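Only one structure is covered here, and it is reproduced in the block below.
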Amino acid sequence: SGSLCNDAALSRPFTAWNDPAQYELAPGGDFESAAWTLSDGAQVVSGSEPFAATGTLGSSSLSLPRGASADSPQTCINAAYPTMRMFVSGSGLAMVQIVYNGIAIPTAVVHAGGSWQPSPILRTNGAVFGLLGGGTANVSLRITALTGNPVIDDVFIDPWNRT
């Protein structure tokens, strides 16, 4: 299916980085509430990306010491949800996975290189999960620190992949 799964608000949080695509904030993706499931030392910490990508400057972000992970609440994706982006700081590498029916599928690795920066555009494989789910699929996002201590904030999903 190429239609939207939900009616979340859309914005253009990455225009300053030459990405005019519209995105929706992943459930709890601003880490201003306790929406994600944290494990192995993951924690919400003070401090936020300084760009106010959600429209307001936040006060929290997700710290992932090596081996720690965080799972988002479930969200709907399909072929219309092909990409995602987030802000990353700290150090090290974080693996991004899509969890479908309890199975975590790696989709990307992001590099934390010091100061806050947007991640590259990451694939969700939404079309594949949509096919598996009969058109749409309820999935969660999992971010796991492979090395260092990456800090994550403002996780967005692109439901259009067009300007």
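A short reminder: the numbers here are calculations on the coordinates, not readings from a lab. Just so we're clear, the structure is a prediction, and the values are computed from it rather than from any experiment. Note that each Cβ is placed from the backbone with ideal geometry, even for glycine, and that neighbours are counted across all protein chains shown.
Taking amide H atoms as placed 1.01 Å from N in the peptide plane, the amide H of Ala68 lies under 5 Å from those of Ala145, each 5 or more residues away in sequence or on another chain. Here the 3J(HN,Hα) profile of region 91-96, calculated from phi with Karplus coefficients 6.51, -1.76 and 1.60 at θ = phi - 60°, is 9, x, 10, 10, 8, 9 Hz, Gly and Pro shown as x.
Put simply, the amide H of Thr124, placed in the peptide plane, has neighbours under 5 Å in Thr83, Met84, leaving out anything fewer than 5 places away on its chain.
Computed from backbone phi with θ = phi - 60° and the Karplus coefficients 6.51, -1.76 and 1.60, the 3J(HN,Hα) list for region 111-121 is 9, 9, x, x, 6, 4, 8, x, 5, x, 6 Hz; x is used for glycine and proline. The string of couplings for region 136-148 from the Karplus curve (6.51, -1.76, 1.60, θ = phi - 60°) is 9, 9, 8, 10, 10, 9, 10, 10, 10, 6, 8, 9, x Hz, one whole number per residue in order, with x for Gly and Pro. Proximity of backbone amide H atoms, modeled 1.01 Å from N, is registered between Gln43 and Ser63 at under 5 Å, excluding neighbours fewer than 5 places apart on the same chain. The modelled label-to-label distance between Asn138 and Ser59, using points 7 Å beyond Cα along the C-beta direction, is 3.2 nm.
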